[in-house]
Amino acid sequence: MTIKFILNNIEVVVDIDPFTRLSTILRENFGLFFTKESCLSGECGACTVLLDGVPVPSCVILAFTVKNRKVITLENYEKTENCEIIKKSLKSAGCYLCQYCKQGRLLVIQHLIERHKELSDTDISEALSGNLCECIDIKSLKKGIKLAHLTIRRKKAGKY
């Protein structure tokens, strides 16, 4: 099946079995290895991508479901100013993401910041529940996310 979609802001076409996992397509067809294939059940967060702006586990997304949709991977997202702000905010809070959870956490944090004008600890905990990695202290992670949220919101309002 020929499937056309937007990948990292570029229109791409693949001729592939429609039941191939998106994570496999990203790795094997496009060399996007930040998308990890770990649990293959959508529970660990290591394969997270943004699908039409929403974080999803790409290991459970089948090729035919991305037809005419927009996929953003960490390779592309890391080039954005928001990503730099998030990384700096996490670092200043003493939070360093490992290579296993970085993919999922950064994309989920971006989505969280876009969706919420105010962030509660509950909002953050719920958003991060899809990532099983325990490499960091949750308090420093929440502190970094709140700092990133504040910085990005101020920048949007022209107060940065």
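The values are calculated or read from the model by the stated rules, or taken from the named source; none is laboratory data. No experiment lies behind these values; they were computed from the predicted model shown. Quick reminder, even Gly has a Cβ in these numbers, built from the backbone with ideal geometry, and neighbours come from all protein chains shown. Side chains included, ligands, DNA and RNA excluded: accessible areas come from the protein's heavy atoms. Shrake-Rupley method; radii C 1.70, N 1.55, O 1.52, S 1.80 Å.
Name the residue, out of L106, L147, L112, that is at pLDDT 90 or above and farther than 21 Å from V56 by Cβ.
Numbers: L106 fails: farther than 21 Å from V56 by Cβ; L112 fails: farther than 21 Å from V56 by Cβ.
Result of the check over L106, L147, L112: L147.
Hey, among the residues in segment 98-129 that are basic (K, R) and open to solvent by 30 Å² or more (accessible area, probe 1.4 Å), which one's nearest to E75 (Cα to Cα)?
Let us first name the residues in segment 98-129 that are basic (K, R), namely 102, 105, 115, 117.
Cutting the leftovers down to open to solvent by 30 Å² or more (accessible area, probe 1.4 Å) gives us 102, 115, 117.
Details: K102: 11, R115: 22, K117: 27 Å.
Restricting to residues being basic (K, R) and open to solvent by 30 Å² or more (accessible area, probe 1.4 Å), the top hit is K102.
Which number in (1) buried (at least 19 other Cβ atoms within 10 Å of the Cβ); (2) under 19 Å from I10 (Cα atoms); (3) among the aliphatic types (A, V, I, L, M) marks the one condition that I145 misses?
Checking I145 against (1) buried (at least 19 other Cβ atoms within 10 Å of the Cβ); (2) under 19 Å from I10 (Cα atoms); (3) among the aliphatic types (A, V, I, L, M), the one that fails is (2).
Applying the selection to segment 39-48, what residues are assigned to a loop (DSSP other than H, G, I, E, B) and crowded, with 18+ Cβ neighbours inside 10 Å?
The first filter runs over segment 39-48 and keeps only residues assigned to a loop (DSSP other than H, G, I, E, B), leaving 39-47.
If the condition is that a residue be assigned to a loop (DSSP other than H, G, I, E, B) and crowded, with 18+ Cβ neighbours inside 10 Å, then C44, G45, A46, C47 are the ones that fit.
Looking at (1) more than 25 Å from K143 (Cβ to Cβ); (2) basic (K, R); (3) open to solvent by less than 20 Å² (accessible area, probe 1.4 Å), which is the only condition K36 fails?
(3)
Taking segment 121-139, which residues are in contact with a strand residue (DSSP E or B) (Cβ under 8 Å, 6 or more places away or on another chain) and β-branched (V, I, T)?
Result: no residue meets the conditions.
Inside segment 2-33, can you point out the residues that are touching a residue at least 60 places away in the same chain (Cβ under 8 Å), open to solvent by less than 70 Å² (accessible area, probe 1.4 Å) and in a strand (DSSP E or B)?
Within segment 2-33, the subset touching a residue at least 60 places away in the same chain (Cβ under 8 Å) is 3-9.
Filter once more, keeping what is open to solvent by less than 70 Å² (accessible area, probe 1.4 Å): 3, 5-8.
Hits for segment 2-33 are I3, F5, I6, L7.
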